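The values are calculated or read from the model by the stated rules, or taken from the named source; none is laboratory data. Quick caveat, the model's predicted, so the values are computed rather than measured. Cβ atoms come from the backbone with ideal geometry, glycine included; neighbour counts cover every protein chain shown. Surface areas here come from the heavy atoms of the whole protein model, side chains and all, with no ligands, DNA or RNA. Shrake-Rupley method; radii C 1.70, N 1.55, O 1.52, S 1.80 Å.
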Amino acid sequence: MEIDSQKNLQRKQCTYEILDEQYKIQKETYKGQQYSHIYFVRLHLIRTILHSLVSKWKPHLPVRTVLELEEGKECVIVGTLYKHMKLKPTILDEYSKERSVTPLVKPHNFMHPDDYLVLEDDSGRVKLSGAVLLPSVYATGIIVALHGKETCVGDFFVDDILEAGLPPQIERPLIPNEDKYVVFVSGLSIGSSCSNPLQFQLLVDHITGHLGDEKEQGIAAQVVHVVIAGNSVEIPRGLLNGQHLSAKDQTKLTEPLKELDILLNQLAAGLSVDIMPGPSDPANFSLPQQPLHRCLFPGSSAYNTFRSCTNPHCFELDNFRFLGTSGQNVDDLDKYSEAKDKLEFMERSLRWRHLAPTAPNTLGCYPFTDRDPFLIESCPHVYFIGNQDKFDTRLIKGSEGQMVRLIAIPRFCENGVAVMLNLRNLDCHVLSFETEFS
């Protein structure tokens, strides 16, 4: 696409492949099935990986099931962690809240000093003890291998822990000799009280080359792809009460989507755009969220550069693999475990080889019967999450040479910040837009 007619700047191009097939709900039909199938598939697949690693990790120790444990004899057990949490909310709490005069406090984090971990496998479950395994680090649904022995009280005393580690990574492409940028933005929240339409318009104008001098337009021409990571609109929840809507209320309902479509139309006319659903968007609530329907975007969907994608979303640009979510998986981990920052949660989920370990326990997900779509079988080069309080990034390395760029994308409606990633070196910087009216 031509950016500047005087200098005849041409937008850089790149190859693109969408890899969302595993996150699509297609032929599955809900017949009242429970969630045990997901846990069974998860345990079976990750246990196979851990068994192959145990032979190098503790070659002198036998691998036993929970039922085969013997008091005082060292061994390795593999299973699913369950975290017993004193403050974890239940449906009974919701019911008692209606009956009680004292309101229940809803803390940001449900951790308590009395929390403890249990390991389950096909044969049974055993309570875990020892200072090595910290309940604050783990959550329900994670598969691990543990070295230790059964105590006289029936606990399993843990001496060492083995996680699956970063999965194998496809070979990193040769370092390109030119800059190509991917722009990430999330939390536009068009229609909310904090939304500033002018800020997003400035971002669109910058990316499309209608803002700034020749140097700025030259940088804009190097943007090859835009990812919008959830919470693009905020529809007034009070209107969705099942009652018939007046014409005025119908306008309130559709106005944010119309405004979003106009802005996306401008982007899609010049470069490829991926839009993912988030918690506040008109999509299914449970993960994996299915693509926003194309009829919501009558203008943008006319372009083949516009793609409505799933959440989680996986794709490749010039053979660099990207994996990301709109933030629900990490936000849920933040409620039921502790870390120094959101990037640490992201790194843990890669090392556990699972995108959303707390699903289906505390994070809503579809009850798949034959697969767990959140297993990470191939390590991405870029792993991003949307709708965070602030921008943060880190480069992590695996034991087999894997390199992953972690990116936490802030909510755009709150601070006007988008993130630019350079495909040449996977370096990140922010684009910040401010508007002030006197």
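Some points to look at:
- Evaluated against (1) touching a Lys or Arg at 6+ places or on another chain (Cβ under 9 Å); (2) free of Cβ contacts under 8 Å to residues at least 60 places away in the same chain; (3) of a type outside the set (Gly, Ala, Ser), Ile49 falls short on exactly one condition, (2).
- Region 254-281 residues that are closer than 18 Å to Val183 by Cα, paired with ones that are basic (Lys, Arg) and at pLDDT below 95 (beta carbon under 7 Å, 6 or more apart): Gly270/Arg11; Leu271/Arg11
- Of all the criteria given as (1) modelled with pLDDT of 95 or more; (2) within 26 Å of Glu434 (Cα to Cα); (3) out of contact with any helix residue (DSSP H, G or I) (no Cβ under 7 Å at 6 or more places or on another chain); (4) open to solvent by 30 Å² or more (accessible area, probe 1.4 Å), the one not satisfied by Leu395 is (2).
Residues are listed down the side, and each one gets a yes or a no for (1) part of a loop (DSSP other than H, G, I, E, B); (2) over 27 Å from Ile38 (Cα atoms):
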{"residue": "Leu245", "(1), (2)": "yes, yes"}
{"residue": "Lys248", "(1), (2)": "no, yes"}
{"residue": "Leu253", "(1), (2)": "no, yes"}
{"residue": "Leu260", "(1), (2)": "no, yes"}
{"residue": "Asp274", "(1), (2)": "no, yes"}
{"residue": "Pro279", "(1), (2)": "yes, no"}
{"residue": "Asn284", "(1), (2)": "yes, no"}
{"residue": "Leu292", "(1), (2)": "yes, no"}
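- Each residue in region 320-337 was checked for being outside any strand (DSSP E or B) and surrounded by 22 or more Cβ atoms within 10 Å (Cβ to Cβ), and 8 pass.
- Residue count for region 338-356 satisfying the condition of being in a strand (DSSP E or B) and either open to solvent by 20 Å² or more (accessible area, probe 1.4 Å) or over 19 Å from Arg321 (Cα atoms) (or both): 0.
- Filtered residues of region 258-303 (kept if of a type in the set (A, V, I, L, M, F, W, C), within 25 Å of Glu316 (Cα to Cα) and either open to solvent by 40 Å² or more (accessible area, probe 1.4 Å) or not assigned by the TED database to the domain that holds His225 (or both)): Ala269, Ala302
- In the set (1) touching a residue at least 12 places away in the same chain (Cβ under 8 Å); (2) in the same structural domain as Cys314 (by the TED database); (3) not acidic (Asp, Glu), the condition left unmet by Val144 is number (2).
- Test result for Lys390, over 22 Å from Phe315 (Cα atoms), in the same structural domain as Arg321 (by the TED database), open to solvent by 30 Å² or more (accessible area, probe 1.4 Å) and not acidic (Asp, Glu): yes
- Here Phe368 meets the list (1) on the phi > 0 side of the Ramachandran plot; (2) surrounded by fewer than 20 Cβ atoms within 10 Å (Cβ to Cβ) almost entirely, failing just condition (1).
- Restricted to strands (runs of 3 or more DSSP E) entirely inside region 357-432, those with at least 3 residues that are of a type in the set (A, V, I, L, M, F, W, C) are 382-388, 403-410, 417-422, 428-432.
- Restricting attention to region 294-319 and to residues that are of a type in the set (S, T, N, Q), touching a residue at least 12 places away in the same chain (Cβ under 8 Å) and not in a loop (DSSP other than H, G, I, E, B), the residue that is farthest from Arg424 (Cα to Cα) turns out to be Ser300.
A quick yes/no check of all residues on (1) crowded, with 16+ Cβ neighbours inside 10 Å; (2) acidic (Asp, Glu); (3) more than 24 Å from Leu317 (Cβ to Cβ):
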{"site": "Ala164", "(1), (2), (3)": "yes, no, yes"}
{"site": "Glu171", "(1), (2), (3)": "no, yes, no"}
{"site": "Phe184", "(1), (2), (3)": "yes, no, no"}
{"site": "Gly187", "(1), (2), (3)": "yes, no, no"}
{"site": "Gln222", "(1), (2), (3)": "yes, no, no"}
{"site": "Val227", "(1), (2), (3)": "yes, no, no"}
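- The one condition from (1) touching a Ser or Thr at 6+ places or on another chain (Cβ under 8 Å); (2) in contact (Cβ under 8 Å) with a residue 24 or more places away in the chain that Phe345 does not meet is (2).
- Scanning region 90-133 for residues that are at pLDDT below 80, under 30 Å from the mean Cα position of the chain (by Cα) and part of a loop (DSSP other than H, G, I, E, B) gives Thr90, Leu104, Val105, Lys106, Pro107, His108.
- Of the criteria (1) more than 23 Å from Asp392 (Cα to Cα); (2) touching a Ser or Thr at 6+ places or on another chain (Cβ under 8 Å); (3) assigned to a loop (DSSP other than H, G, I, E, B); (4) of a type in the set (A, V, I, L, M, F, W, C), which one Leu166 fails: (1)
- Restricted to region 26-46, and to residues there that are of a type in the set (Val, Ile, Thr) and closer than 11 Å to Phe368 by Cβ, the residue that is least open to solvent (accessible area, probe 1.4 Å) is Ile38.
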